[in-house]
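Peer 1: For reference, the structure I am asking about is given below.
Only the coordinates and a few stated rules stand behind these numbers; no lab work does. Remember, it's a predicted structure, so these values are computed and weren't measured experimentally. Every residue, glycine as well, gets a Cβ built from its backbone with ideal geometry; the counts of neighbours run over all protein chains shown.
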Amino acid sequence: MRFARSVTIAMFAVVASVAPSVGAATRGTYVAVGDSYSSGAGLGPYLAGAAGCERSRESFPTRIARSQPGLRFDFLACAGATTSQVQAQVSGARTALGHAALVTVTAGGNDLSFSNLLTSCVGGALTASSTVVRYYGVVSGTTACTRAVTTAAGLLGASLDPSTGTLRAPWSVTDANQTAQSPLEHRLGALLRSVLSSSTSGNGGSGARVVVVDYPILIGAPTTPVCLVGPAPLRFSSAAGLYPAFPAIAANELLAVNMLLRRETATVVARLRAHASRLVLANPVRFQPINCATGTSRDLNGLTLASLESGGSFHPTAMGQTVLADAVRNQLRR
């Protein structure tokens with residue numbers, strides 16, 4: 001997912017461990033498709049030959065590739081890719097997928113326009129202990145945040161209760177035994193079916209292992225009226241800066257979208273896995289979300305000057321990419 005680069009404009013206006021190989025001694029290809037969580041956005045310098053895709057040597061796919069020396073590595077993930085654009089990556093890699101022993105996938109976050117969600121909901125706090133968040137003019141605010149969350153919730157088949165910051169979703173969209181699906185589930189399901197159908201002949205004829213890498217939980221549940229998402233004030237001039245922050249209700253809304261996306265991803269994988277056991281979900285349970293009290297995380301970049309300049313805001317750090325890689329390795333060991 002690509003997050004919150006336009007926040008910079010708004011703020012200026014205001015102030016390798018080794019895993020077992022996939023199929024011992026198998027020769028074939030490892031194909032990595034997906035968005036910025038696969039490409040390694042924010043962890044430059046980037047690899048040559050993919051302008052704008054922000055493919056990093058620190059990304060989890062490159063870490064997996066280094067532990068699979070017998071496999072050719074096709075790194076196709078691109079920052080900002082929606083499910084339809086990840087589908088284009090798959091369509092352009094039919095030959096590689098036909099020889100694939102392993103495929104990893106991240107998709108869905110950009111369909112929900114997480115960058116717009118964050119830009120619309122973020123504000124600033126005067127101090128780390130403030131109880132009030134100041135929004136950034138016409139760029140962010142209560143109305144803009146509610147509108148962005150409502151749009152994302154609709155793609156997840158849910159509705160927002162703005163008085164409580166909770167999402168109401170029909171139970172059918174998170175039940176693998178039901179046919180009712182949200183628009184996002186339809187898109188993700190179609191993408192994964194395409195990956196599966198394109199990778200049936202690799203890995204010695206048994207088909208590629210297809211690992212969907214779930215998005216981690218990004219923000220911890222707030223316990224105070226303000227959720228910090230950066231450890232220090234952002235100062236763009238000599239004027240005193242503000243701590244980047246969400247009001248607690250906005251943080252809860254964003255967390256609800258994050259959690260429902262994770263649940264629906266798991267549901268889609270479970271539905272398809274009933275007919276394709278080589279499809280699995282890697283859940284990065286050790287990933288540390290941003291602590292609302294401190295605005296920090298070992299595994300996720302918050303909003304800092306450095307992360308805004310690199311495009312890495314709300315993207316995994318190098319340690320976070322290691323956690324994602326370990327989640328994939330855990331599935332390959334099974």
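Peer 1: Rounded, prolate or oblate: which fits segment 136-202, taking a ≥ b ≥ c as square roots of the Cα gyration tensor eigenvalues, rounded meaning a/c under 1.5, else prolate when a/b beats b/c?
Peer 2: Values: a/c = 4.88, a/b = 1.92, b/c = 2.55.
In terms of gyration-tensor shape, oblate.
Peer 1: Continuing with this model, one more query. Write down Rg/Rh for segment 7-332, rounded to two decimals, with Rg from the C-alpha atoms and Rh from the Kirkwood relation over Cα pairs.
Peer 2: Working: Rg = 19.9 Å, Rh = 20.2 Å.
In segment 7-332, Rg relative to Rh is 0.98.
Peer 1: In deg cm²/dmol and to the nearest 500, what is the mean residue ellipticity at 222 nm of the chain if only DSSP H runs of at least 4 residues count, each as -39500 (n - 2.57), divided by the residue total?
Peer 2: On the way: 11 runs with 118 residues, N = 334.
Estimated from H runs of four or more residues: -10500 deg cm²/dmol.
Peer 1: Could I ask something else about it? Give, in nm to one decimal, the length gained when the segment between residue 259 and residue 166 is fully stretched (0.36 nm per residue of separation minus the Cα-Cα distance).
Peer 2: Numbers: separation 93, 0.36 × 93 = 33.48 nm, distance 1.11 nm.
Separation in residues times 0.36 nm, less the Cα-Cα distance, equals 32.4 nm.
Peer 1: Could you work out the mean projected area of the convex hull around the alpha carbons of segment 166-323, in square nanometres to one decimal?
Peer 2: Numbers: hull surface 45.9 nm².
Averaged projected area of segment 166-323's Cα convex hull equals 11.5 nm².
Peer 1: Here is a follow-up. Quick one: compute a quarter of the convex hull surface over the Cα atoms of segment 87-220 and quote it in nm².
Peer 2: 11.0 nm²
Peer 1: Hull surface divided by four, with the convex hull built on the Cα atoms of segment 226-311: how many nm²?
Peer 2: The orientation-averaged projected area of the Cα hull of segment 226-311 comes to 7.3 nm².
Peer 1: Here is a follow-up. Find the relative contact order for segment 102-213 and round it to a whole percent, using C-alpha pairs within less than 8 Å whose residues are 6+ positions apart.
Peer 2: Taking the mean separation of contacting Cα pairs over the length of segment 102-213, I get 29 percent.
Peer 1: 7 Å from Cα along Cα→Cβ at both residue 235 and residue 128: what's the point-to-point distance in nm?
Peer 2: The two pseudo-label positions are separated by 1.6 nm.
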